[in-house]
Amino acid sequence: MPPFHDYRDGGVLVMEPAALFVGGVRSRKRARVTAVPPCAFASAAAAAVEVEEEGLSVVKRAAAAAVGVAVPDLNQVFVDDEEEDEFEVPLGGCSSERCLEGREATDVGLTAVAVGDALRGSLESLVIRGSHPTRGVTDAGISAAARGCPSLVSLALWHVPQVTDAGLAEIAAGCPSLARLDITGCPLITDKGLVAIAQGCPELKTVTIEACPGVADEGLKAIGRCCAKLQSVNIKNCAHVGDQGVSGLVCSAAASLAKVRLQGLSITDASLAVIGYYGKGITDLTLTRLPAVGERGFWVMANALGLQKLRCMSVSSCPGVTDLALASIAKFCPSLKQLSLKKCSQVSDGRLKDFAESAKVLESLQIEECNKVTLMGILAFLLNCSPKFKALSLVKCNGIKDICSSPTQLPLCKSLRSLTIKDCPGFTDASLAVVGMICPQLENVDLSGLGAVTDNGLLPLIKSSESGLVHVDLNGCENLTDATVSALVKAHGSSLARLSLEGCSRITDASLFAISEGCTDLAELDLSNCMVSDYGVAVLASARQLKLRVLSLSGCLKVTQKSVPFLGSMSASLEGLNLQFNFIGNHNIASLEKQLWWCDILA
């Protein structure tokens, strides 16, 4: 459906995005089509009196486009030719959020949005994703939005290459209540535009600047000076941002700043020292790809004693994170509850014991692609961790593999509720059998990608879990059989809410028979690329105590058109059904969509 349609008396209808895909399932949220009366374009011209000549011509073209087009009947339902989705056309009221995306992102479309809001004054959030290839959004459209939407609170400009500092200056002059600014991939925006925003928008609380090569230090320093309510900053991949910009921002906004995220910047140890000293209110800190920051920077940041309120910390691809730095962070950040380490090549087993002893309130530890960490270090950590520790995640760590000699003492971590050991090729049955012994209260288990694990390793874990497993992900564990699923259902069928068996090629209809008999609270079931057939689907559909919300049968080559009647009779609780890559056929899918009209079907 084109982005504009005629209104009954010559106005314009502005369409918002409709279908979204979340988790492989299409959301059928109805698109909104807001009616804009023709008289609104007169208001648009008045609102754009001071806009450059190009902007005025854009408004005139928009008004001209609304004349002489076939008038639709508003008593009928609008239907998209491609998606065949229905559109609600509210004749009264309005939405507080608008989004222009791709080819819809033009000055004409943005002006129409501004005109509609000028009559009601209710638009609070504006998102522009991308831009029309030849008639994209420029400063003229941004100016119209600024003058027509004075109550704007949130503005996001993603990959809008023609917007410059002049456009941001118009926003600063026309939208004094702006609290959230997100600028991504806008090469013509520089410090001058950010200074204007800082001076004109004192209510600014959240700032995201990503991939803007024109932005350097002065813009960030101005935001820190002028925006006394600033709470969150996210600066990514801006090559000209250095220590002066980051340090000036953090120093000036220290009283209110709570979240700091820095990625792909050329900052050094000096910036981390300033964060450690002045960041007394920081609760969430993310540092990614900071190659110039060394061990001293992380050590000084911790020892400066300013991060007393830090609760969540994530560090990725920072060579300066060493065992010494990690121990200092745990010792001098007493409120730390969540820590994520990714691609930190210098982190090893060396100080994990000290880290565990110092991190007295730590609840979650995620380690990804840190290949010097081994099971011996993890066992030492669990032996000394806080009684509040709940979640451990080990992903793509080549050092996590079976150990030759048994440790002298095995830990007993009764507080651990969630365990992820994912894509660690050296982790096999021998190690998995020990997990159940040391973690008897597990509720969530993710063993995705452990191709070497068999029934012999998983069965002891299933039997030793005392509290009842709730979420179990076994994606890619190709050596598991129906025996594991049967044991899992028998021991935890009353608590199991999500089970993922994607890529477990030895799982057959026998598992579906066990699930249909033993599971009462199962809401999500993923059987993608399993060897289940029409018979298993029929058994599953006949289990009336099951109230599945999401079911995936993608890549199940034995599922054919014979399953359609059974799938069509499934519970009304079903919200998402994935039938990609099987032999049901398009005609049968269409029939199934009519039977399960409330369900999102991906085929």
Next item on the list: Taking the dipole about the Cα centre of segment 96-255, with the C-beta of Lys and Arg at +1 and of Asp and Glu at -1, give me whichever of CYS226, ALA239, PRO176 is farthest to the positive side.
Entry: PRO176
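Where does the charge balance sit around ASN398 when Lys and Arg score +1, Asp and Glu -1, over other residues with C-beta under 13 Å from its C-beta?
Details: positive: LYS343, LYS372, LYS396, LYS401, LYS422; negative: GLU368, GLU369, ASP402, ASP423.
With Lys, Arg at +1 and Asp, Glu at -1, the neighbours total +1.
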Check: Classify segment 358-415: rounded, prolate or oblate, from the alpha-carbon gyration tensor (a ≥ b ≥ c, eigenvalue square roots; a/c under 1.5 rounded; otherwise prolate if a/b is larger than b/c)?
Finding: oblate
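For segment 96-255, with only Lys/Arg (+1) and Asp/Glu (-1) charged at the beta-carbon, what is the dipole magnitude about the Cα centre, in debye rounded to 20?
With only Lys, Arg, Asp and Glu charged at Cβ, the dipole is about 180 debye.
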Note to self: Give me the net charge for the shell around GLY130: Cβ to Cβ below 10 angstrom, other residues only, Lys and Arg +1, Asp and Glu -1.
What the structure shows: 0
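Relative contact order for segment 370-515 using alpha-carbon pairs under 8 Å, separation at least 6, rounded to a whole percent? List each step's numbers first, then the result.
On the way: 314 pairs, mean separation 26.1, N = 146.
That works out to 18 percent.
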Next item on the list: Can you list which of the GluC sites (Glu not before Pro) found in segment 427-494 are DSSP loop residues with at most 14 other C-beta atoms within 10 Å?
Entry: GLU466
Item checked: Between segment 270-314 and segment 124-193, the Cα center-to-center distance that results, in Å -> 32
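Using a 1.4 angstrom probe on heavy atoms only, work out the carbon and sulfur share of the accessible area of segment 468-602 in %. Before the final figure, lay out the partial values.
Working: 3090 of 5580 Å².
The value for segment 468-602 is 55 percent carbon and sulfur by accessible area.
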Item checked: Descending principal axes extents, segment 96-255, alpha-carbon based, whole Å -> 41, 31, 20
Checklist line | segment 468-602 - accessible surface per residue (Å², probe 1.4 Å) | finding: 41
Note to self: Classify segment 492-568 from the C-alpha gyration tensor, please: rounded if a/c falls under 1.5, else prolate or oblate depending on whether a/b exceeds b/c.
What the structure shows: oblate
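If you roll a 1.4 Å probe over segment 201-342 with all protein chains in place, what percent of the accessible area is carbon or sulfur? Before the final figure, lay out the partial values.
On the way: 2720 of 5120 Å².
In segment 201-342, the share of accessible area belonging to carbon and sulfur is 53 percent.
Between rounded, prolate and oblate, where does segment 214-321 land on the alpha carbon gyration tensor, with a ≥ b ≥ c its root eigenvalues, rounded for a/c under 1.5, else prolate if a/b exceeds b/c?
Details: a/c = 1.61, a/b = 1.09, b/c = 1.48.
The shape class here is oblate.
Let me check against my output: what whole-number percent is the relative contact order of segment 96-255, with C-alpha pairs under 8 Å and at least 6 apart? Can you show the working numbers first?
On the way: 411 pairs, mean separation 26.4, N = 160.
Computed value for segment 96-255: 16 percent relative contact order.
The values are calculated or read from the model by the stated rules, or taken from the named source; none is laboratory data. Worth saying up front: this structure is predicted, and the values here are computed from it rather than measured. Here Cβ is always computed from backbone atoms with ideal geometry, including for glycine, and neighbour counts include all displayed protein chains. Areas reflect the complete protein model, heavy atoms only, side chains present, ligands, DNA and RNA absent. Shrake-Rupley method; radii C 1.70, N 1.55, O 1.52, S 1.80 Å.
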